[in-house]
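Single-structure report; data block below.
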Amino acid sequence: MDSISYFTLEIANITPDLEDQISFDLFEMGASGVLENLKFKQLDRRYQPEIISSDLFALTAYFENRPQPDDLSELIQKYQAQEFSINEYPIEDWLSEWKKQWKPFELVPGYWIVPDWEMDHFDRRGKKVIAIEPGMAFGTGTHETTQIAAELMLQLFQEKKYQSILDVGTGSGLL
């Protein structure tokens, strides 16, 4: 992808019997991916969304280049009952954007998780540093289960019940 932008083609009001055929046609037009836009509601903070059933669907197709006018006209002609919109978006370096948001944090009192790209700037005085190269996955210390386990381990050390603990099978080995 050499361009500075990408394109989406959004199609609304798709009946279930046309969903697969429209997806096929979008890939034939050169789409690099097709997303089914499901409506849902999320009642609490846990990721357990409830899909809202509907008789109509919406699809978003992703294109590296603007779809050819002839292909687009043919698709619109073939599916006249649907609503179409095309959008252009700038290509962004999502990894760099993600890194900007990832800052050092105190996992438990006195113990800091510091991403490798922040190590040169981080003031380590009086802090125990756990330097990591975080990925966008489990095991970076941001998940509640890792934080709870770290709190328990610190408590066991402070109560002098253990002198060492081995972190086995907990993901990245961060603990």
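Six or more apart or on different chains, Cβ atoms under 7 Å: show the pairs whose first residue is in region 55-81 and closer than 18 Å to Glu36 by Cα and whose second is assigned to a helix (DSSP H, G or I) and among the charged types (D, E, K, R).
Within 7 Å, the pairs are Phe57/Glu19; Leu75/Asp25.
Name the single residue, out of those in region 93-127 being open to solvent by 80 Å² or more (accessible area, probe 1.4 Å) and part of a loop (DSSP other than H, G, I, E, B), that is nearest to Ser164 (Cα to Cα). Steps first, please.
Looking only at region 93-127, we keep the residues that are open to solvent by 80 Å² or more (accessible area, probe 1.4 Å), and these are 93-95, 100-101, 103, 106, 109, 120-121, 124-126.
Filter once more, so that each one left must be part of a loop (DSSP other than H, G, I, E, B): 93, 103, 109, 120-121, 124-126.
Values: Asp93: 41, Lys103: 28, Pro109: 18, Asp120: 29, His121: 30, Arg124: 23, Arg125: 24, Gly126: 21 Å.
For region 93-127, the residue satisfying everything is Pro109.
Just the residues that are in contact with a strand residue (DSSP E or B) (Cβ under 7 Å, 6 or more places away or on another chain), assigned to a loop (DSSP other than H, G, I, E, B) and within 28 Å of His143 (Cβ to Cβ), please, taken from region 14-42.
Answer for region 14-42, where residues must be in contact with a strand residue (DSSP E or B) (Cβ under 7 Å, 6 or more places away or on another chain), assigned to a loop (DSSP other than H, G, I, E, B) and within 28 Å of His143 (Cβ to Cβ): Asn37, Leu38.
Could you count how many residues in region 34-48 are at pLDDT below 95 and open to solvent by less than 50 Å² (accessible area, probe 1.4 Å)?
Result for region 34-48: 0.
Determine which member of the set Ile51, Ile86, Ile130, Ile14 is among the β-branched types (Val, Ile, Thr) and open to solvent by 90 Å² or more (accessible area, probe 1.4 Å).
Matching residue, one of Ile51, Ile86, Ile130, Ile14: Ile51.
The values are calculated or read from the model by the stated rules, or taken from the named source; none is laboratory data. Not measured: the values here are computed from a predicted model. Every residue, glycine among them, receives a Cβ derived from its backbone with ideal geometry; neighbour counts consider all protein chains shown. In case anyone asks, the SASA skips ligands and DNA or RNA and just uses the protein heavy atoms, side chains included. Shrake-Rupley method; radii C 1.70, N 1.55, O 1.52, S 1.80 Å.
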